[in-house]
1. If I ask for residues that are surrounded by fewer than 17 Cβ atoms within 10 Å (Cβ to Cβ), closer than 18 Å to residue 187 by Cβ and in contact with a helix residue (DSSP H, G or I) (Cβ under 8 Å, 6 or more places away or on another chain), which ones from the range 119-137 would you list?
2. Filter the range 148-180 down to residues that are over 16 Å from the mean Cα position of the chain (by Cα) and within 22 Å of residue 14 (Cα to Cα) and give me whichever is surrounded by the fewest Cβ atoms within 10 Å (Cβ to Cβ).
3. Just checking, how many residues over the range 148-171 are assigned to a helix (DSSP H, G or I) and under 23 Å from residue 45 (Cα atoms)?
4. Find all pairs meeting these conditions: Cβ atoms under 7 angstrom apart; at least six residues apart or on different chains; first residue within the range 94-117 and closer than 19 Å to residue 130 by Cα; second residue in a loop (DSSP other than H, G, I, E, B).
5. Only one of (1) at pLDDT 95 or above; (2) closer than 19 Å to residue 58 by Cβ fails for residue 192. Which number is that?
6. Would you be able to tell me the number of residues in the range 112-136 that are part of a loop (DSSP other than H, G, I, E, B), farther than 11 Å from residue 162 by Cα and either modelled with pLDDT of 95 or more or under 16 Å from the mean Cα position of the chain (by Cα) (or both)?
7. For the subset of the range 138-147 comprising residues that are farther than 13 Å from residue 103 by Cβ and in contact with a strand residue (DSSP E or B) (Cβ under 6 Å, 6 or more places away or on another chain), which member is surrounded by the fewest Cβ atoms within 10 Å (Cβ to Cβ)?
8. Of these, 93, 60, which one is farther than 19 Å from residue 151 by Cβ and either modelled with pLDDT under 95 or surrounded by 14 or more Cβ atoms within 10 Å (Cβ to Cβ) (or both)?
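The values are calculated or read from the model by the stated rules, or taken from the named source; none is laboratory data. Everything numeric here is computed off the predicted structure, so don't read it as measured data. Positions of Cβ are generated from backbone atoms using ideal geometry, with glycine treated the same way; all protein chains shown enter the neighbour counts.
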């Protein structure tokens with residue numbers, strides 16, 4: 001697919017999904033977070049993961065606080081992202097730590113948090129990935145900066161035990177997400 005055509009398709013899809021999400025109540029994002037958490041905790045990949053890379057929700061995203069608490073309660077290492085320049089880096093986290101509001105108004109770990117060294121992490125890594133739109137073939141449309149695509153590509157190039165799960169609402173699932181060579185596919189998708 002020509003890059004210009006794909007870029008235009010992505011832009012239009014982003015606008016459409018954002019409009020869809022604006023029509024939902026904040027309570028719906030919280031309820032969906034509880035529903036997705038129940039499904040996620042039943043997955044074999046959750047059971048065997050020793051490390052969970054999660055995201056802290058922004059307005060208009062499924063609430064992930066319950067998932068983060070479950071990771072900590074079950075003794076998993078919870079890693080949370082912080083945008084730094086053109087990349088996201090993950091830091092060892094807990095929910096009772098102080099935060100700052102980073103890119104897009106998302107809670108991010110402070111600079112004194114310990115950066116996750118995935119070369120030293122033992123056992124499988126489960127990566128929870130946000131997005132605006134998802135399809136059943138593992139396609140994902142983010143917000144256009146490529147943070148998660150670059151992170152997943154880098155992590156997968158160094159490890160074979162990474163399982164990436166898209167987390168969203170059923171309203172975000174579309175028939176087909178336009179993808180290019182720079183887009184990383186997901187291994188699974190969980191919605192409400």
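1. 123
2. For the range 148-180, the residue satisfying everything is 175.
3. Counting residues in the range 148-171 that are assigned to a helix (DSSP H, G or I) and under 23 Å from residue 45 (Cα atoms) gives 12.
4. 104/58; 105/58; 106/56; 106/58; 107/56; 108/102; 109/93; 109/97
5. (1) is the only condition that residue 192 fails.
6. 5
7. Checking each candidate, the answer is 141.
8. 60
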